[in-house]
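Report on the structure given below.
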Amino acid sequence: MKGLELIKKAFQLQEVERVPWVPFVGVHGGFLTGVDAETYLKSADEVVKGVSNAIEEYDPDGVPVVFDLQVEAEILGCELQWAPHNPPAVVSHPLANGTSISDLKIPDRTTGRIPVILEATEKLRAQYPDLALYGLITGPFTLALHLLGTDVFMKLFEAPDEVNEVMELCTQVGIKMSEYLIDSGCDIIAVVDPMTSQIDPMSFETFVTPFVTRVFDYVREREKLSSFFVCGHAQQNIEAMCNCKPDNVSIDENIPLDFVKDVALKKGISFGGNLKLTVVLLMGDENDVREHAIECLDQGGKKGFILAPGCDLPMETPPVNLKAVTELVKDSYQQDVVRAMDKKESTLEVFNMKDYGQADKVVVDVITLDSESCAPCQYMVEAVKKVTPQFEGVVEWREHAIKKMEAVTFMSSLMVKNIPTICIDGKIAFVSQIPPKAELIAAIQKRINEKLKLKIKQKKSEILLLCEENDECKGIKENIRRAITELGKDVDVKVISDKAQMANFGVAQGPAVVTVKYKVKSEATEPSLDVIKEWIKEL
């Protein structure tokens, strides 16, 4: 059965002979032809060459033409920062910088990079008439965030009418983009709205559902198929996504595939995902890929399931890994072999984090897929970057993009399960949620206060004055008091006159002075025997 026919059957929840395979080839197409991301995304010829190479190499049933969530934002006035290995990132937000919404116009098919995408779509349609072509548009909420910046999260509560006005514009843009892509030959319109993972179901139903549903209605009127893409920890919104009536929902590794399957099939909607992008497809070997792919195939089943990566492929994903998926999908005998094999033991080591967060500065770690290529990750990093200057010299922040194995190890060591996540001094603070500025500041300040309190405890000292008679210690006592006053130190002074207690300090005759410095070794935890032994050795 041909790819387009197979995908249509899966979208219609009919049993299929095999699960359809759709690698989300974005700038990975440029990797296959040897050009950087900017060159690739600005040239219809390069896109056609890259996607054609991917089709010949990976024999997919469907493929996106272009995977770039900044096309519409750039046309509407957002500045972009280009990178060699990722799609561009939005670095300015016109509606937050004085531009009026009335100044923004619905793009026509000749503006920005739209002609590049449409030309590539027409050429690929002519070359591959039996393949399902996905046309991707930026979801209304993600586009609204590009235009407004992270202020949109506060405006949901403080200025809902303003948010609705922006969402109306973004919906009209989405419908127009769908029209252009369908006219050029796309079979499936994928609404990619990753920032919806950052809001709760009630906000989703209020500010997303009424708008995005209109896009899916339009696609249905045109007798084409639709998919709702989301990434991040969006599990709480899967049912709300299905209620928007797309033909398909597609998710990443943050969400369990079996959970999505249950919800989607009950709603009469197909589902797709969720091959792991980094630890398997990018950094794993062919055996890792086969083992993980068979898990997805067995969980997804042959009704309504599309096997796909969780998002667009990292640019330098090894082609051999993607070919391994193709071979597995299309060879039932190989599937049985992989099922029968012993599962590979995890060799991932973890760091010893028991002392993490003990430095003088508060450390804010942001664990991301990559802030250059993942919109939720980008905006979470931006949120941290905005507040840390307020704690100059006290707080430092770091990004750990899990496209590198060291960051994967760090993520596992902190027991982080979802991305993006903010940790403060090694403790998970915000999971797949971009915190409002005030909440993030409060969380950091709380940790600063805890450290200050701990430091005060550690510096608490005591002077013991040992003497049998009070008169014997009078002069020393006065000098100690004066020294404490002149030095501005917080030191307690205790007089011990009991001979037995003095003997405990090895003192037979007064006056004698013993200094004691207390140091907190643990708090709110039960130290092990070995640790306590080390403390005692220091005494």
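The values are calculated or read from the model by the stated rules, or taken from the named source; none is laboratory data. Here the structure is a predicted model, which means the values were calculated and not measured. Glycine also receives a Cβ, built like all others from the backbone with ideal geometry; neighbour counts cover every protein chain displayed. The area values use the complete protein model at the heavy-atom level, side chains included, leaving out ligands, DNA and RNA. Shrake-Rupley method; radii C 1.70, N 1.55, O 1.52, S 1.80 Å.
Here are a few things to note about the model shown:
- Just the protein heavy atoms count here, and of the accessible area of the chain at 1.4 Å, carbon and sulfur take up 50 percent.
- Each Cα pair under 8 Å and six or more residues apart adds its sequence gap; the mean of these over the residue count of region 44-163 is a relative contact order of 35 percent.
- Surface exposure of region 1-90, expressed per residue as accessible area with a 1.4 Å probe, stands at 34 Å².
- Helix 257-266 and the longest principal axis of the C-alpha atoms of the chain enclose an angle of approximately 50°.
- Phi to ³J(HN,Hα) by Karplus 6.51 cos²θ - 1.76 cosθ + 1.60 over region 319-329, Hz, x for Gly, Pro: x, 4, 5, 6, 5, 5, 5, 4, 4, 5, 4
- Dipole axis of region 369-514 (+1 Lys, Arg; -1 Asp, Glu on Cβ), positive-most option in Thr409, Ser497, Met380: Met380
- Listed values for region 42-53 are Karplus-derived 3J(HN,Hα) couplings in whole Hz (6.51 cos²θ - 1.76 cosθ + 1.60, θ = phi - 60°), namely 9, 9, 4, 5, 5, 4, 4, 5, x, 5, 4, 4, and x replaces Gly and Pro.
- Cα-Cα P(r), the chain, percent of pairs per 20 Å interval: 20, 46, 19, 11, 5, 0
- Given charges at beta-carbon only (K, R positive; D, E negative), |dipole| of region 94-221 in Debye: 400
- Packing here is the average count of other Cβ atoms within 10 Å per residue, and on that basis the peptides 43-50, 131-138, 316-323, highest first, run 131-138, 43-50, 316-323.
- Across the options His146, Ala264, Val394, the greatest Cα extent toward the positive end of the charge dipole of the chain (unit charges at beta carbon of Lys, Arg, Asp, Glu) belongs to Val394.
- Taking 25 °C and 0.890 mPa s as conditions, region 65-183 diffuses translationally at an estimated 162 µm²/s according to Stokes-Einstein applied to its Kirkwood radius (Cα pairs).
- Relative contact order, whole percent, for region 234-289 stands at 34, derived from Cα pairs under 8 Å and 6 or more residues apart.
- Computed over the alpha-carbon pairs of region 51-109, the distance histogram in 10 Å steps reads 19, 35, 27, 14, 5 percent, short to long.
- Note that region 233-375, at 4 °C in a medium of 1.567 mPa s, gets a Stokes-Einstein diffusion coefficient of 75 µm²/s from its Kirkwood radius over C-alpha pairs.
- Cα lying deepest toward the dipole's positive end in region 21-105, options Val25, His93, Val47, charges on Cβ: His93
- Cα centroid of region 156-199 to Cα centroid of region 218-248, whole Å: 12
- Ellipticity at 222 nm from helices only: DSSP H runs of n ≥ 4 in the chain, each -39500 (n - 2.57), divided by the residue count, give -14000 deg cm²/dmol.
- Angle in degrees between helix 437-459 and the longest Cα principal axis of the chain, rounded to the nearest 10: 30
- Accessible surface, region 123-190, averaged per residue in Å² (probe 1.4 Å): 30
- Relative contact order (%) - criterion: Cα under 8 Å, at least six apart; region: the chain: 13
- Of all DSSP-defined beta bridges confined to the chain, some 30% are antiparallel rather than parallel.
- Packing-based ranking of 510-516, 269-275 yields 269-275, 510-516, ordered from highest to lowest mean Cβ neighbour count within 10 Å.
- Semi-axes of the equivalent ellipsoid of region 118-242 are 28, 14, 12 Å, computed as sqrt(5λ) over the eigenvalues of the C-alpha gyration tensor in descending order.
- Cross-linked pairs Lys224/Lys276; Lys417/Lys453; Lys2/Lys323; Lys8/Lys224: Cα-Cα separations exceed 20 Å for Lys224/Lys276; Lys417/Lys453.
- Counting only alpha carbon atoms, the long axis of helix 286-300 and the longest principal axis of the chain meet at about 70°.
- 5 angstrom amide H check on Gly135, placed H, neighbours 5+ away: Asp187, Ile188, Ile189, Ala190
- Charges were assigned to the Cβ only: +1 to each Lys and Arg, -1 to each Asp and Glu. The resulting dipole of region 1-101 about its Cα centre is roughly 200 debye.
- Excluding ligands, DNA and RNA, the accessible surface per residue across region 367-519 is 58 Å² with a 1.4 Å probe.
- Size of electric dipole in region 163-238: Cβ of Lys, Arg +1 and of Asp, Glu -1, about Cα centre, debye, nearest 20: 100
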